[in-house]
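Notes for the one structure printed next.
The values are calculated or read from the model by the stated rules, or taken from the named source; none is laboratory data. Treat the numbers as computed from the prediction; the structure is a model and nothing was measured. Note that we place each Cβ from the backbone using ideal geometry, even for glycine, and neighbour counts take in every protein chain shown.
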Amino acid sequence: MLALHHISKRYGPHRVLDDVGLEVPRGAIVGYVGGNGAGKTTSMRIVLGIATADAGRVTLDGAPVDAGVRARMGYMPEERGLYPTMQVQQQLQFFAELRGLSRADATRAARYWLDRLGLEERRDSPLEDLSLGNQQRVQLAAALVHEPDALVLDEPFSGLDPLAVDVMTQVLREEADRGIPVLFSSHQLELVERTCDRVAVLQGGRLVADGTVDELTGVNAHRYLLRSDADPADWVPDLGPAVHVSIESVADGAVTVRLAGDSDLQGLVDAVRRHGTLRELRPWRPSLTQVYRDVIDVPEQLQGARTRPTVEAQAS
Amino acid sequence: MSTPTLRRPEIAADPSRVRRTGGMRIIVRRELATKLLTRSFAISTLLFAFIAFAGSLFGPGGEDDAPVLAYTGSSADLATTVDAVGGDAVALERVVDETAGRTLVEEGKAGAVLLPSESGVRVLVQDALDPQLGALLDVALQERALRAAAQEAGVDPQVLVGAVETTAGSAVLDVVAVGQDLAVADVLLGLGFAAGAVLVVLLWGIPLATDVMQEKVSRVVEILLTSVRPWQLLAGKVVATTVIGLTQLAVVLGATLAALALGGSLPDVDAVSWSVVLAGVIGLVLGVVTCNTLMAGLAARVERQEDLSGALQPALGLALVPMAAASYLAFEYAESSWLDAASMAPVFTTFVMPVRLALEPVPAWQLGLSLAVALATTVAAFAVAGRVYAGSVLRSGGQVPLREALRRR
C-alpha cells in the first residue's frame, strides 16, 4: 500500500498541505480530486521526491519511500514531461534505462507499450509530430515502461478524446489488477466515479473526504428526491431539532433531501404534507459531482452563481 | 488500438544500474545520440571544417605577416643592417622622404619608418613600436656601433665581423629576432587553445544552458529526477556537451592542419611547442568543463529565454576575462610577475599557463601547482553549479535568486 502520513507543506506563508493522510491500497485505483490549488500536485510531487514535505512521511508497504523505491514508481506530471524532438521509441528506451532496465529489456518494453497503446506506426517519429492525445499516450507509456511498483499520475485524462480515455482507463485497471497502487488526480468527476475504487477529496490542503465511491455517494446515506408544491422553508422547521437535513434543488422544482443518521422518513412525509402536496418521494443516489459539492466549502459569493444551489439547514 | 494477444515482456529492473556513474552514462548516451549523431551536427561541423581548410590553404601566407620597416635614403645603411639581422622576420620598403613614410604608417602599410636624426635614429610609428621590429633595431644599432668602434680602433670591420661570426655566443647567434619569432608562434599557439575554449563555450555552452532551461520548463526534469540525482544529470549533460564541442573543434583543427600540410606550410614543432600543446589541451578541456558546468547550473535558475543571457553572464565572464588576460599579459607584461601569478591562479591558469610556457621556462613545481589549481577549480565549479542546479531546477515561478538556490535544504 502506498500511504501518505500526516503530510504538511508550506510555501512561504501559504500552507499548501495540512496534515494530509491518504492510503492507496495495492490493486486499487484511487482518484484524487480537488479544486485548483487544493494541493493535489504538491502531494504527488512529495510522493515522488520532487518536493519535500515540511512534516510527515510517505511509505510503500510500510517502508519509507526513498530514492530506490521512487525509481520503481511510475510518474506522469501534469505538464507533460518529454523531449519534443526525440523519437518516440528512443525516448521510451531512455526512460526505461533510467529506471534500471538493461538496453535489451528497455527496447522490448518500449516496443510493447507502443504496440499496446496503438503507437507502433509512430515509433520513429519525433514526439512533437504526434497529436496531443498521442503524446499523452507516450507519456503514459513512459510511466509504465519499467513495470512500476506504484503509479502516480497527475491529470492523466486531461485533453484526451473519448477513445483515448477508454484506453487509458483500461490500462490503469490492468495495472491495478497487477497488484500495484494507482493514484491519479482529475477534475473529471464522472470519469473518477467510473474508474476509481476509492476517491479522496482535497480542499485547501486538507483531506475532506476519503472512501469508496459507494461510501461517498452515500449508498447507505438517507438521500431522497422529493417533489412537492410546499416550500422547504416552511416544512424544514417542522422536522424537529434533532434532524439535520441537506437540501439541494434539482430540476422541475424537485429537491434532494439527505436525512442525517436515523432520521424518521415518515416525519419528513408528514412535515411536507402539512404545507402542501407530496407528489414524489424516492431514494436518491447522488453523483460524485454532487458529493464533491457537498464536501467542498463553496465560498458564499460563488454559491449565487450555481445553477443548483445547495442549502444546508439545521432544523430548529 | 490495443491488441489483446500482446504479451507483456519479461523484464527485470535493477536500480543499481542507475547509481553513481551508471545514471550519468545513460544521460551522456542520450545527449550524444540526440546532438552528436545527428545530421545537423554533421553538416555544421563539415561546414566549419571546410571553411577552416579553405582559409588555411588559400588564405594569406605567413610571410606577409612580417612587419614592414620603411626607410629613406639617409637611413638606408641602418636599414640594410636590420635586413641582414632580421632576414625573413622583417620586410623593408624604401620611401622617398619622411612624408611618404608617414603616409605608409598612417595607412597601416608599414609598422615603422626609419629616419636619421642628430642624436642617432628616429623611428616613426602609429601607436607603439612592434616588439619584433624593436628587437631587430636594437641588434642592428649594436652591430653598427660595433663596426664604428672597430673602425675607430683601426680594426677592419669585415675582419671583426668575420671573427665574431665564428665565435660562440656571437652577435649573430644573439639575434633576438630568431628566438622572438618562434616565441610569437608558440604564444599564438597557446592563445589559440584559449580561443578554442571560448569558442566551444560559446558554441555549445549556450545551447547546453538553453537545454537545461527547457528541461525545467517542460518538466522533463521532474521525471528524470525521480530516477537520477541532480549531480548525475548535470554531470552527464556537461560531459556530453564537452565531448561534442571538442569533437567539433578537433575536426576543424584537423582540417586546418591538413590544409597547412598540403600547402607545405606546417609550422616547425619543437619541445617548447609540444609543452604548449600539452598544457593547452589540458587547459582547454578543464576550461570548457568548468565554464559549461557553471552555465548549466546557472541556467537552471530561469524559465524564460530573455532571462537566460543575464543568468549566464558570470560563467561567460569566466571564459572571456581569462582569455583577454592571457592575451594582454603575453604581449604587454611578458616579463612581469603578473603573468606568473595568473598562470597559477584559479580560473586563469587554464588560459594563461600555455601562453607562459611559450614565453619562458616554467619550473616543474609551478606546472604541478597550476594543474592542481585547475582541477580544484573544476571541482569547485561543479560543487557550486550542482548546488545551484539542485536548488533551482525543480522550482517554478520566475527566476530563482542565487542566494536561495545556494541555500542548504
Next item on the list: Could you list, in sequence order, all residues of region A:112-130 that are in contact with a helix residue (DSSP H, G or I) (Cβ under 9 Å, 6 or more places away or on another chain), surrounded by fewer than 18 Cβ atoms within 10 Å (Cβ to Cβ) and closer than 23 Å to A:ARG173 by Cβ?
Entry: A:GLY118, A:GLU120
Checklist line | Single condition A:GLY159 does not satisfy, out of (1) modelled with pLDDT of 90 or more; (2) within 17 Å of A:GLN136 (Cα to Cα); (3) not in a helix (DSSP H, G or I); (4) not aliphatic (A, V, I, L, M) | finding: (1)
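For every residue, the table says whether it meets (1) buried (at least 19 other Cβ atoms within 10 Å of the Cβ); (2) away from chain A (no Cβ under 14 Å); (3) more than 30 Å from A:ARG99 (Cα to Cα); (4) at pLDDT 85 or above.
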site	(1), (2), (3), (4)
B:ALA42	no, yes, yes, yes
B:ALA49	yes, yes, yes, yes
B:GLY59	no, yes, yes, no
B:GLU63	no, yes, yes, no
B:GLY73	no, yes, yes, no
B:ASP77	no, yes, yes, no
Checklist line | Among residues of region A:5-36, those that are farther than 24 Å from A:LEU216 by Cα, loosely packed, with under 15 Cβ neighbours inside 10 Å and either in contact with a helix residue (DSSP H, G or I) (Cβ under 8 Å, 6 or more places away or on another chain) or not charged (D, E, K, R) (or both), counted | finding: 4
Item checked: Criterion: touching a Pro at 6+ places or on another chain (Cβ under 6 Å), closer than 25 Å to A:VAL33 by Cα and either within 12 Å of chain B (Cβ to nearest Cβ) or of a type outside the set (Ser, Thr, Tyr) (or both) - qualifying residue of A:ASP166, A:ASP154, A:ASP210, A:ASP161 -> A:ASP154
Item checked: Which listed residue is in a helix (DSSP H, G or I), more than 27 Å from B:THR38 (Cα to Cα), under 29 Å from the mean Cα position of the chain (by Cα) and away from chain A (no Cβ under 14 Å), from B:GLY287, B:GLY283 -> B:GLY283
Notebook entry, point to check: Which numbered condition trips up A:GLN91, out of (1) touching a strand residue (DSSP E or B) at 6+ places or on another chain (Cβ under 8 Å); (2) buried (at least 20 other Cβ atoms within 10 Å of the Cβ)?
Noted result: (1)
Margin query: Just checking, does region B:187-198 include any residue being surrounded by fewer than 24 Cβ atoms within 10 Å (Cβ to Cβ), over 11 Å from the mean Cα position of the chain (by Cα) and not charged (D, E, K, R)?
Written below: no
Note to self: What's the number of the only condition in (1) within 10 Å of another protein chain (Cβ to nearest Cβ); (2) under 20 Å from A:LEU172 (Cα atoms) that A:GLY133 fails to meet?
What the structure shows: (1)
Note to self: Under 7 Å between Cβ atoms, which residue pairs at least 6 apart in sequence (or on different chains) link something in region B:131-151 that is part of a helix (DSSP H, G or I) with a partner that is among the polar types (S, T, N, Q)?
What the structure shows: B:GLN132/B:GLN180; B:ALA135/B:GLN180; B:ALA140/B:THR81; B:GLU143/B:THR81; B:ARG144/B:THR81
Checklist line | Residue match in region A:124-139 (condition: under 22 Å from A:THR42 (Cα atoms), in contact (Cβ under 8 Å) with a residue 12 or more places away in the chain, assigned by TED's automatic domain parsing to the domain that holds A:TYR32 and within 21 Å of the chain's Cα centre (by Cα)) | finding: yes
Next item on the list: Test B:LEU69 against the criterion of being within 14 Å of chain A (Cβ to nearest Cβ) and either of a type outside the set (Asp, Glu) or over 30 Å from B:GLY196 (Cα atoms) (or both), and give yes or no.
Entry: no
Notebook entry, point to check: In region A:247-283, which residue that is among the polar types (S, T, N, Q) and surrounded by fewer than 17 Cβ atoms within 10 Å (Cβ to Cβ) is modelled with the highest pLDDT?
Noted result: A:THR277
Check: So which helices (runs of 4 or more DSSP H) are wholly in region A:12-121 and hold at least 2 residues that are within 29 Å of B:GLU10 (Cα to Cα) and within 7 Å of another protein chain (Cβ to nearest Cβ)?
Finding: A:67-70, A:88-98, A:103-116
